[in-house]
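Structure, as structure tokens:
Nothing in this text is a laboratory measurement; each read-out follows from the coordinates by a stated rule. On a predicted model such as this, the values are computed, not experimentally measured, just so you know. Cβ: placed from backbone, ideal geometry, glycine included. Neighbour counts: every protein chain shown.
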Amino acid sequence: MNMKYDHQYDDIINMEHHKSKNHPPMSLYARSAQFAPFAALVGYEEAVKETAREVSKKIELDDESKSVLDAKIQILLEQIKEKPKVTFTYFIPDQVKVGGSYTKVTGIIKKIDEYNQIIILEDETEIPIDDVLDIAEIKDEL
């Protein structure tokens with residue numbers, strides 16, 4: 001590579017760097033921020049994570065399973081004054097996607113609202129009866 005030295009900048013090459021009287025010098029942090037990467041597609045990463053998040057399909061119970069659950073609820077209605085401790089497995093619909101997830105919660109029944117089809121526990125957890133998959137009573141062991 002043959003470089004020819006041009007003398008057109010000889011008059012300024014050794015001059016002191018200009019310092020503004022009105023503007024303070026930029027910090028190294030602020031200067032480096034100019035070259036930092038940026039997100040060209042804002043929200044893209046969150047959208048990919050949301051798409052990858054898995055949800056379960058709600059299990060549709062057959063008639064026999066429904067009648068077993070109905071019988072268990074009738075027994076709980078009869079025992080409600082005894083404050084039975086019960087574990088419910090039920091479906092929670094996802095707020096964003098079609099589907100949801102199953103969860104288990106254990107608690108003491110406060111009320112069974114037959115009109116609204118909701119089981120209310122003492123900690124105010126509300127469980128829609130149509131979303132219940134299983135009911136298991138916890139027996140106190142002595």
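Going by neighbour counts of Cβ atoms within 10 Å, the residues PHE88, PHE35 line up, fewest first, as PHE35, PHE88. Karplus-derived 3J(HN,Hα) values for region 42-56, using 6.51 cos²θ - 1.76 cosθ + 1.60 with θ = phi - 60°, are 5, x, 4, 4, 5, 5, 5, 5, 5, 5, 6, 5, 8, 10, 9 Hz; glycine and proline are entered as x.
First measure r as the distance between the Cβ atoms of TYR115 and VAL55, then evaluate 1/(1 + (r/R0)^6) with R0 = 35 Å and state the FRET efficiency to the nearest 0.05. Given R0 = 35 Å and the Cβ-Cβ separation, E is 0.70. Using a simple spin-label model with points 7 Å from Cα along the Cα→Cβ vector, what separation in nm is obtained for ALA136 and LYS97? Between ALA136 and LYS97, the simple spin-label model gives 2.7 nm. Computed on the chain, the Cα convex hull volume stands at 358 Å³ per residue.
Between the amide H of LYS85 and those of ILE138, distances stay under 5 Å, these residues lying 5 or more places away or on another chain, with hydrogens modeled in the peptide plane. For the listed residue pairs LYS57/LYS83; LYS72/LYS111; LYS57/LYS85; LYS72/LYS97; LYS58/LYS83; LYS58/LYS81, the alpha carbons are over 25 angstrom apart in LYS57/LYS83; LYS57/LYS85; LYS72/LYS97; LYS58/LYS83; LYS58/LYS81. In this simple spin-label model, placing a label point 7 Å from the Cα along the Cα-to-Cβ direction at both ILE12 and ARG31 gives a separation of 1.9 nm.
Less than 5 angstrom separates the built amide H of LYS110 from those of ILE120, LEU121, GLU122, all sequence-distant by 5 or more or on a different chain.
Across region 63-137, Cα-Cα pairs farther apart than 19 Å form 31% of the total. With both labels modelled 7 Å from their Cα along Cα-to-Cβ, the HIS23 to THR106 distance reads 6.7 nm. Write down the Kirkwood hydrodynamic radius of region 1-67, to one decimal in angstroms, obtained as one divided by the mean of 1/r over all alpha carbon pairs. For region 1-67, the Kirkwood estimate is 20.5 Å.
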